[in-house]
Amino acid sequence: MSSQAPAARMTSVDIRARKGGAPIVALTAYSAPAAAIADPHVDLLLVGDSVGMVVHGYETTVPVSLELMVMHGRAVVRGARRALVVVDLPFGAYEESPAVAFRNAARVLKETGCSAVKLEGGRRLADTVRYLVDRGIPVMGHIGLTPQAINTLGGFRAQGRTEDQWDGLEADAMAISDAGAFAIVLEAIAEPLAARITGAVPVPTIGIGASAACDGQILVMEDMLGMTPRVPKFVRQFGRVGEAIDHAIADYAASVRDRSFPAGEHTYGMRPESKPQQ
Ligand code: KIV
């Protein structure tokens, strides 16, 4: 038996305490093996509703269901040992009322074993965030480009690039933070506004396309690995995994076609005692 105690899992309180400290490293994950690979390197794993687009081929995150989030959430919690696992509440699971949000968020916590949920929206969701936090559910906020609102935003566009949008977005961040969110994702927000919001709120901001001014960063894992064909301007591809998969599959296909695979070492023979009689 190992004498080493398993590493303690990060909590929402640990993430909250990182405000202004060492940058928070966050990444999305949708499966147990991906979570297990990322876990030693990151502080937070988000089971993002981007899973609908990245894994299930939807055009937007709007069709994603609570059941889908629960299924992927469970897998990620099984794969991760140390990182805080946060699961997105999908579109339609929290907007109707704080009570509906509580019922769905409680289901996500119970059925996945995750430790927090994320929801999109600013001032209009502040009462809901407070309701959840008061009842024991840690909440991560998400403002700026909120993909679930694609139909009212009119497209995936960066926010806060004109000063007339600044006060509203800053008020959104303040409202969510005052309501008790432990961190706030800032998505596709112009750098000066991201810096202003980060300076104004007492909780960490986690940026995706919101500059180095944030307290941490998050990316969609498949985007940063180079597995998705088109990526937004704010993504740096840290790997070329898509290319590696393409080469490996082409090699496999060629090897099957020229019969060089499977070779002797991949093939079962008979046990010596049961060799057929000559
Ligand atoms: O769904 C998601 O992956 C997200 C991140 C982009 C923050 O919300």
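The values are calculated or read from the model by the stated rules, or taken from the named source; none is laboratory data. Because the structure is a prediction, the values reported are computed rather than measured. In this analysis, Cβ positions are derived from the backbone assuming ideal geometry, glycine residues included, and neighbour counts consider all displayed protein chains. Side chains included, ligands, DNA and RNA excluded: accessible areas come from the protein's heavy atoms. Shrake-Rupley method; radii C 1.70, N 1.55, O 1.52, S 1.80 Å.
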Check on PRO33, within 16 Å of the ligand (Cβ to nearest atom), under 16 Å from the mean Cα position of the chain (by Cα) and either at pLDDT 95 or above or not in a helix (DSSP H, G or I) (or both): no
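Condition check ((1) out of contact with any Phe, Trp or Tyr (no Cβ under 8 Å at 6 or more places or on another chain); (2) among the acidic types (Asp, Glu); (3) closer than 18 Å to GLY207 by Cβ) across all residues:
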site	(1), (2), (3)
VAL100	no, no, no
VAL117	yes, no, no
HIS142	yes, no, yes
ALA149	yes, no, no
Apart from one, (1) open to solvent by 60 Å² or more (accessible area, probe 1.4 Å); (2) touching an Asp or Glu at 6+ places or on another chain (Cβ under 9 Å); (3) among the hydroxyl-bearing types (Ser, Thr, Tyr) all hold for TYR58; the odd one out is (2)
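Table: residues versus (1) modelled with pLDDT of 95 or more; (2) part of a loop (DSSP other than H, G, I, E, B); (3) not acidic (Asp, Glu).
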| position | (1), (2), (3) |
| --- | --- |
| GLY199 | yes, no, yes |
| VAL203 | yes, yes, yes |
| GLY207 | yes, no, yes |
| ILE218 | yes, no, yes |
| ASP223 | yes, no, no |
| PRO229 | no, yes, yes |
| PRO232 | no, yes, yes |
| VAL235 | yes, yes, yes |
| GLY239 | yes, yes, yes |
For the range 178-197, give me each residue that is more than 16 Å from the ligand (Cβ to nearest atom) and open to solvent by 10 Å² or more (accessible area, probe 1.4 Å). ASP178, GLY180, ALA190, GLU191, PRO192, ALA195, ARG196
Being over 24 Å from GLU59 (Cα atoms), surrounded by fewer than 20 Cβ atoms within 10 Å (Cβ to Cβ) and in contact with an Asp or Glu (Cβ under 8 Å, 6 or more places away or on another chain) is the requirement here; does ARG123 meet it? yes
Test PRO63 against the criterion of being over 16 Å from GLY141 (Cβ atoms) and either acidic (Asp, Glu) or open to solvent by 70 Å² or more (accessible area, probe 1.4 Å) (or both), and give yes or no. no
Given (1) within 13 Å of the ligand (Cβ to nearest atom); (2) free of Cβ contacts under 8 Å to residues at least 60 places away in the same chain, VAL70 misses just (1)
Output for the range 208-255, where each listed residue is surrounded by fewer than 20 Cβ atoms within 10 Å (Cβ to Cβ) and among the β-branched types (Val, Ile, Thr): THR228, VAL231, VAL235, VAL241, ILE245, ILE249
Write out, first by first residue and then by second, each pair whose Cβ atoms fall under 6 Å of each other, whose residues are 6+ apart or on separate chains, and whose first residue, in the range 179-197, is under 19 Å from LEU125 (Cβ atoms) and assigned to a helix (DSSP H, G or I) while the second is more than 16 Å from the ligand (Cβ to nearest atom) and not aromatic (Phe, Trp, Tyr). ILE197/GLU170
Any chance the range 140-157 includes a residue that's more than 22 Å from the chain's Cα centre (by Cα), open to solvent by 10 Å² or more (accessible area, probe 1.4 Å) and modelled with pLDDT under 95? yes
Might you let me know whether the range 37-52 holds any residue that is within 14 Å of the ligand (Cβ to nearest atom), out of contact with any helix residue (DSSP H, G or I) (no Cβ under 8 Å at 6 or more places or on another chain) and in a helix (DSSP H, G or I)? no
Which of (1) within 15 Å of the ligand (Cβ to nearest atom); (2) closer than 19 Å to ALA183 by Cα is the odd one out, the single condition ARG16 does not satisfy? (1)
Answer yes if at least one residue in the range 259-273 is touching a Ser or Thr at 6+ places or on another chain (Cβ under 9 Å), open to solvent by 50 Å² or more (accessible area, probe 1.4 Å) and not assigned by TED's automatic domain parsing to the domain that holds MET140, and no otherwise. yes
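A quick yes/no check of all residues on (1) among the basic types (Lys, Arg); (2) at pLDDT 95 or above; (3) over 20 Å from GLY144 (Cα atoms); (4) open to solvent by less than 50 Å² (accessible area, probe 1.4 Å):
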position: HIS41; (1), (2), (3), (4): no, yes, yes, no
position: LEU84; (1), (2), (3), (4): no, yes, yes, yes
position: LEU89; (1), (2), (3), (4): no, yes, no, yes
position: ALA99; (1), (2), (3), (4): no, yes, yes, yes
position: ASN104; (1), (2), (3), (4): no, yes, yes, yes
position: LYS110; (1), (2), (3), (4): yes, yes, yes, no
